[in-house]
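The values are calculated or read from the model by the stated rules, or taken from the named source; none is laboratory data. Model, not experiment: these values are computed from the prediction. Backbone-built Cβ (ideal geometry, glycine too); neighbour counts: all protein chains shown. Keep in mind that these areas ignore ligands, DNA and RNA; they rest on the heavy atoms of the full protein, side chains included. Shrake-Rupley method; radii C 1.70, N 1.55, O 1.52, S 1.80 Å.
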Amino acid sequence: MTEATIVFWDVEHGHATYLQTPNGRHIVVDLGTGSYSSYYEFRPLEHLRNQYGVRQLDYVIITHPHVDHIDDIFNFDSMNPLILSRPKHLDKKSILEKASNKDKLKLEKYFEINERYNITVTDESPNSLNNSNNWGGMNINTFSPNLCGQSNINNHSIVTTFNFTGLKVLIPGDNEPPSWNELKNLESFTETTKDIDILLAPHHGRNSGFDSDVMKHFNPRLTIVSDGAYSDTSAASRYSAISRGWPVYKKDGSSEMRYCLTTRNDGVIKVKIGKGGKNPFLNVTLGN
């Protein structure tokens, strides 16, 4: 049996996902912190180190530099990441000028790291995403919208797809319709993102990230929302309506058909995709 594991952490109104590839490499998408299920501020990087025994990350993707996606930036160096992917074209000065004093230190640390990780990854590199053999047969694709104005950096969020044994997981940042309009004109994007199995809802499941045409194209089996306290801008019901449904297992071993999960209500969500014998499998469980 070969499989990949994807963990969507409960980090309140933020985002942090961990993926272990079929050949045991470690990828993190975004650096949110928090927890509705704990009395302390949960930090996924510390948890990976202390509970999973991960001493080095092979690849980190920061979708965009909003603090709810980089909140754990001061733990970044402790994990010695080999590669960092992020929207490098964003203007440092304008982002720092808009930041509150509370957020500025984290953003300054992000930009210091951004300037330090400046080596080009060639196709021949053992860390190139373009060679699935580097990742145990998993195809990884990233798409970086960059045509929108920078007044709203949500629209510059990196979108990542993970495809293993024909099963697809899509992780965006906080994209909104202007960047979806840019991406859906790319043939490579539309081909790669058709009929997704697991979709992480863009922009924490808010209405502002929902584009009907794009979501119908994604046609997810199951949508996951990494969200904070409920608000009237939530599009969870819309995601439930466009999702096909998939059985989800609870800690007690029981299961139920679900269409949309939220880290706010369901806690940590663990997904396994792989192949046992000739047949691919998709398994979704709630809890660590």
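The table below gives the values:
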item: Region 263-281 and region 119-178: distance between their alpha carbon centers, rounded to Å; result: 20 Å
item: Accessible surface, region 1-132, averaged per residue in Å² (probe 1.4 Å); result: 48 Å²
item: Gain in span if fully extended, GLU41 to LYS104, counting 0.36 nm per residue against the direct Cα distance; result: 20.7 nm
item: Cα-based equivalent ellipsoid, region 119-170: semi-axes from gyration tensor eigenvalues, Å; result: 26, 16, 6
item: From the C-alpha gyration tensor of the chain, square roots of 5λ in Å; result: 26, 22, 21
item: Förster-model FRET efficiency, 35 Å R0, ASN146 and MET257, C-beta, rounded to 0.05; result: 0.35
item: Exposed GluC sites (Glu not before Pro) absent: longest stretch of the chain, with sites in DSSP loops and at most 13 other Cβ within 10 Å deemed exposed; result: 125-288
item: Hull-based mean projected area of region 146-269, where the convex hull spans the alpha carbons, in square nanometres; result: 8.0 nm²
item: Carbon + sulfur, % of accessible area of the chain - ligands and nucleic acids excluded, 1.4 Å; result: 46 percent
item: Greater than 31 Å apart at Cα, pairs in LYS106/LYS251; LYS250/LYS278; LYS98/LYS270; LYS109/LYS216; LYS88/LYS168; result: LYS106/LYS251; LYS98/LYS270; LYS109/LYS216
item: Amide hydrogen neighbours beyond the local backbone of LEU261, cut-off 5 Å, H modeled; result: THR223, ILE224, VAL225
item: From phi via Karplus (6.51, -1.76, 1.60), per-residue ³J(HN,Hα) for region 238-253 in Hz, x at Gly/Pro; result: 5, 5, 4, 5, 9, 9, 7, x, 7, x, 10, 9, 9, 4, 7, x
item: Antiparallel %, DSSP beta bridges [both residues in the chain], to 5; result: 70 percent
item: Dipole moment magnitude, nearest 20 debye, the chain about Cα centre, only Lys, Arg, Asp, Glu C-beta charged; result: 520 debye
item: Residue with peak Gaussian network fluctuation, the chain [Cα springs, cutoff 10 Å], from ASN207, ASN23, ASN185; result: ASN185
item: The chain: relative contact order in percent, alpha carbon pairs under 8 Å with at least 6 residues between; result: 17 percent
item: In Hz, Karplus ³J(HN,Hα) per residue of region 66-75 (6.51, -1.76, 1.60; θ = phi - 60°; x = Gly, Pro); result: 9, 4, 5, 10, 10, 4, 9, 4, 6, 9
item: Derived scalar couplings ³J(HN,Hα) [region 11-23; Karplus, 6.51 cos²θ - 1.76 cosθ + 1.60; whole Hz; x for Gly, Pro]; result: 10, 6, 7, x, 8, 7, 10, 10, 10, 9, 6, x, 9
